[in-house]
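Please treat every number below as a calculation from the coordinates, not as lab data. Source: prediction; values computed, not measured. Every residue, glycine as well, gets a Cβ built from its backbone with ideal geometry; the counts of neighbours run over all protein chains shown.
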Amino acid sequence: MADVTSVSSYYFGVLETVENEFPDMTKIFLSENEVDLAEAQDRDVIDEISVDKELMTEENLAAVHESGRKFGAWTLNSEEDIRAAVKMGIDSYFTDEGALAISIEKGE
């Protein structure tokens, strides 16, 4: 189960609890602000940091990658936001517009 399941949380404690029970499960921290984003980069239990789209910047992407983690964003529902994420090269994103995202990802 841990190989194909991930858990996302706004709370460091939740991810630490998951780490104790399922160390191989991917743990994603959801960040809404720069303070939590910076702290998440220092937490060993976090595999990926996913940010509110307002924090989806080249600088944050570089910092998260430098910390050895993947970088994601949410919720990207406009064509402009999805294209920006693809161009930036972020690792993942959440969207309610799956067909639009697939079209953009395919280069259509």
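Scanning region 65-80 for residues that are charged (D, E, K, R) and under 25 Å from Ile46 (Cα atoms), we see that the one that is farthest from the chain's Cα centre (by Cα) is Glu66. Among the residues of region 61-76, are any surrounded by 15 or more Cβ atoms within 10 Å (Cβ to Cβ), in contact with a helix residue (DSSP H, G or I) (Cβ under 6 Å, 6 or more places away or on another chain) and among the small types (Gly, Ala, Ser)? Looking through region 61-76, at least one residue is surrounded by 15 or more Cβ atoms within 10 Å (Cβ to Cβ), in contact with a helix residue (DSSP H, G or I) (Cβ under 6 Å, 6 or more places away or on another chain) and among the small types (Gly, Ala, Ser).
Of the residues screened, Asn77 is not one that is assigned to a helix (DSSP H, G or I) and polar (S, T, N, Q). When the residues of region 30-44 are filtered to those that are touching a Ser or Thr at 6+ places or on another chain (Cβ under 7 Å) and not small (Gly, Ala, Ser), the one that is farthest from Thr75 (Cα to Cα) is Gln41. Scanning region 76-98 for residues that are without any contact (Cβ under 8 Å) to a residue 12 or more places away in the chain and of a type in the set (Val, Ile, Thr) turns up nothing. Within region 1-24, residues that are within 20 Å of Leu37 (Cβ to Cβ) reach partners that are among the hydroxyl-bearing types (Ser, Thr, Tyr) and surrounded by 10 or more Cβ atoms within 10 Å (Cβ to Cβ) with beta carbons closer than 6 Å, at six or more positions or on different chains, in the pairs Ser6/Thr26; Leu15/Ser9.
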